[in-house]
Amino acid sequence: MARTAEQAQADNGRRALGRALRQWLSDDAVLDQTEQLRPYECDGLSAYRRLPLVVALPDTVEQVQAVMRYCASQRIPVVARGAGTGLSGGALPLENGVLLSLAKFNRILDIDVLNRTARVQPGVRNLAISEAVSGSGFYYAPDPSSQIACSIGGNVAENAGGLHCLKYGLTVHNILKLQVVTVEGDLVTIGADSLDAPGYDLLALMTGSEGMLGIIVEITVRLLPKPVSAKLIMASFDDIEQAGNAVGNIIATGIIPGGLEMMDNLATRATEDFVHAGYDIDAAAILFCELDGTPEEVDDDIARVKKVLEQSGCTDMRIAKDEQERQLFWSGRKAAFPAAGRLSPDYYCIDGTIPRKKIGYVLTRIAEMGQEYGLRIANVFHAGDGNLHPLILYDGNQPGELERTEELGGKILELSVEVGGTITGEHGVGVEKINQMCVQFDKSELTQFHALKAAFDPNNLLNPGKAVPTLSRCAEFGAMHVHKGELKFPDLERF
C-alpha cells in the first residue's frame, strides 16, 4: 500500500529528530521505527492510542537536560512517561513530539534509616522501596493497587494514593524533595530534606501536575516504621447503601483505620473467582477495615469497630486470623481491577471523590445510571476517603459502546461534583476528564491554572493539551450539555 504524502513527511521528520537526539543518546536509546513505538502508544487508558514521533530513553540527568534544551530550542513538545500504568491518558504521546521515557532511572540512590528517608530515581517501582527497607522495619506508605509495577515518578505526577491513604496520606504527604529538569533544561531542587522548606510550597504544586511543569528526575520519600500490630475486619452487608453509610459511622467514632475499602457484589464475585480469598459472594457489598498500631490500641479499636458495623446493618463479619489471611484478604482487593477482565472484554475505570456521607446515595445513583445506559458497573474503591472507582463494563468491538461508556463516565464524575466532591482523587485528569474540569472549575480558576502553566512552561511544550482545558473548550462543552438539556452547570455566562 502506497504511503501518503503526510506519512512520508512524518517519517522524514521522525528520522531527522532521531538523528538530532543521537547527539546525546546512544543509538538504542532513541526509538524511531514504527514497530519500536507501538509499546508507547498508550498508558493504562488503552482506549486512547497515538504513536509518538520519537521515543527517547535517557539514563542520566545530563541527557534529560540535553534533550529538553534541544526540544525547547526547536519548540518540540515532550511527554514524560513512567511505567505507563496511569489510567487517565496522562502519558498519551503526541504525534509531533518526543515521548521521554524515564524507565532507565530505576535506582534507589540512598536509604537514610536514621532520618527515615530514601532518595530514589523516578523509574523505581513503588513496591521496590518498601522491599528495600523492609529489613530495617520501615516501609513507604502509599500503595496503589498497581504498586508492583507503577513507578514512583508517575505516583508523584498523579499524586497517587492507595489502600492505606486514609490514615497515611497520598503521595504529596509522603515526599520531601524533588529534583526537576525544567523545560529549558535547568536542574532545580524543590522541597528540602527537612519537614518544611522556606518559600512557596512548590512541592505540593509539582505533585499531581501530570508532567506539565517539569521532568522529575529524583525524589526523596519519607519512610514510616511498620505498625507493631495490624488486624483486618471483613464485613458483609445485604444493602450497598448501608455499607456506604457504615464508612461514615466508623469515622464518626474518632477512629482512623489504616485502610477502609469497599467492593460491591459484582466486583466481589469476579475477584473471588480470580484469587479465591474467601469473600462472601452473596453479599451486596463487603467492607474491609484495617486497624493498626500497638496491640492494645488495635484490640480496643477492633471492639469498637465491630460494634459500629453491627449497628450499621452488617450481616456477617470475619477478622483475619493471622498475617497470611490478612494479606490474602488484601490481595483480592488489589486484584479487583484485573479480575474485572473476567466480566467483560473491556472496562472503563472512573476516579471521582465524594464526601463520605454521600457514599450510599452516590452508589445508588450510579446503579440507576448504569441501568439507564444499559451498562453494568462494578464498584471497588477507597471508601474511607470517598475515592470512588466504578468500573464500567463494555465491549469496544460493539459500535457506539465506548462512546456510551465515556458519556456515562462523565455523568458519574459530574455527579461527584454535584454532591460536593471532585472529578479525581488519584488518577489525574489527563485526556479522560478534561471536559469535566469545565464542570468543576470556573473561568477565573481555569485562568489561574493556565497562568501557573505559563510561568513554568511559557511555550506550552510539556504534555500540552492535558489536564487543563481552554476556556473555548469549556464554552463548547457547556453549550453541548445545555443543548441536550442534561446539565444545570456550568454557568455559561462565566465563559
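Of Lys226, Lys334, how do they rank once you tally other Cβ atoms within 10 Å and put the fewest first?
Values: Lys226 15, Lys334 22.
Exposure proxy ranking, most exposed first: Lys226, Lys334.
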Q: Any chance you could give the angle, 0 to 90 degrees and rounded to 10, that helix 471-484 forms with the longest Cα principal axis of the chain?
A: 50
(Q) Take Lys226 and Glu297, extend 7 Å from each Cα along the Cα→Cβ direction, and tell me the distance between the two endpoints in nm. (A) 1.7
(Q) Under the rule a/c < 1.5 gives rounded, and otherwise a/b versus b/c splits prolate from oblate, where does the range 352-485 land using the Cα gyration tensor? (A) prolate
Q: Averaging sequence separations of C-alpha pairs under 8 Å and six or more residues apart, then dividing by the length of the range 5-101, give the relative contact order as a whole percent.
A: 31
Q. Does the range 5-101 classify as rounded, prolate or oblate by the C-alpha gyration tensor (a ≥ b ≥ c root eigenvalues; a/c under 1.5 gives rounded; else a/b over b/c gives prolate, otherwise oblate)?
A. oblate
Q: Determine the gain in length on full extension of the stretch Ala455-Ser73; use 0.36 nm per residue of separation and subtract their C-alpha separation, reporting nm with one decimal.
A: 135.8 nm
Q: Calculate how steeply helix 323-334 sits against the longest principal axis of the alpha-carbon atoms of the chain, using the helix alpha-carbon long axis, and give the answer as 0 to 90 degrees to the nearest 10.
A: 50
**Q.** Amide H within-cut-off set for Ala80, under 5 Å, with H built and near neighbours excluded
**A.** Leu100, Asn463
Q) Distance from the Cα centre of the range 75-127 to that of the range 283-344, in angstrom? A) 33
Q) Ordered by residue, what ³J(HN,Hα) values in Hz, to whole numbers, does the range 340-348 give under the Karplus form 6.51 cos²θ - 1.76 cosθ + 1.60, where θ = phi - 60° and Gly and Pro are x? A) 4, x, 7, 8, 7, x, 9, 9, 10
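Before anything else, pin down the relative contact order of the range 343-423: Cα pairs under 8 Å, at least 6 apart, normalised by residue count, whole percent. Intermediate values should be presented prior to the final figure.
Numbers: 135 pairs, mean separation 35.1, N = 81.
Rounded, it is 43 percent for the range 343-423.
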(Q) Straight-line reach from Lys443: which aspartates and glutamates fall under 14 Å, measuring Cα to Cα and dropping same-chain residues less than 8 apart? (A) Glu476, Asp491, Glu493
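Fewest first, what order do Glu261, Glu403 take by the number of other Cβ atoms within 10 Å? If you can, show how the numbers build up before the last one.
Details: Glu261 27, Glu403 10.
If I rank by nearby Cβ atoms, fewest first, I get Glu403, Glu261.
By counting other Cβ atoms within 10 Å of each Cβ, how are Lys443, Lys321 ranked from fewest to most?
Working: Lys443 16, Lys321 9.
Starting with the residue having the fewest Cβ neighbours, the order is Lys321, Lys443.
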Q | the chain: relative contact order as a whole-number percent, Cα under 8 Å and 6+ apart | A | 13
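What share of the DSSP beta bridges in the chain is antiparallel, in percent to the nearest 5?
Details: 56 of 64 bridges.
Given both bridge residues lie in the chain, the antiparallel proportion sits at roughly 90 percent.
In the structure displayed, which of Lys104/Lys466; Lys231/Lys321; Lys231/Lys357; Lys334/Lys411; Lys177/Lys433; Lys334/Lys466 lie more than 19 Å apart, Cα to Cα?
Details: Lys104/Lys466 25 Å; Lys231/Lys321 8 Å; Lys231/Lys357 25 Å; Lys334/Lys411 26 Å; Lys177/Lys433 28 Å; Lys334/Lys466 28 Å.
Where the Cα-Cα span goes over 19 Å, the pairs concerned are Lys104/Lys466; Lys231/Lys357; Lys334/Lys411; Lys177/Lys433; Lys334/Lys466.
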Q. Rounded to the nearest 0.05, what FRET efficiency do Lys306 and Asp238 have when you use their Cβ-Cβ distance and R0 = 22 Å?
A. 0.80
Q) Around Ala66, what is the net charge, scoring Lys/Arg as +1 and Asp/Glu as -1 over all other residues with Cβ under 14 Å from its Cβ? A) -2
Q | Contour minus Cα-Cα distance for Asn397 and Lys104 (0.36 nm per residue) | A | 101.9 nm
Q.
Quick test of your reading: applying the under-4.7 Å Cβ rule, which cysteines of the chain are isolated?
A. Cys42, Cys71, Cys150, Cys165, Cys289, Cys314, Cys349
Q: With label points built 7 Å along Cα→Cβ from the Cα atoms of Ser134 and Arg116, find their separation and express it in nm.
A: 2.1
Q: Could you tell me how many degrees, from 0 to 90 and to the nearest 10, lie between the Cα long axis of helix 265-275 and the main elongation axis, the longest principal axis, of the Cα atoms of the chain?
A: 80
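Rule-based calculations on the coordinates, nothing more; no lab input. Please read all numbers here as calculations on a predicted model, not as lab measurements. When we count neighbours, we look across all protein chains shown, and the Cβ atoms used for this are built from the backbone with ideal geometry, even at glycine.
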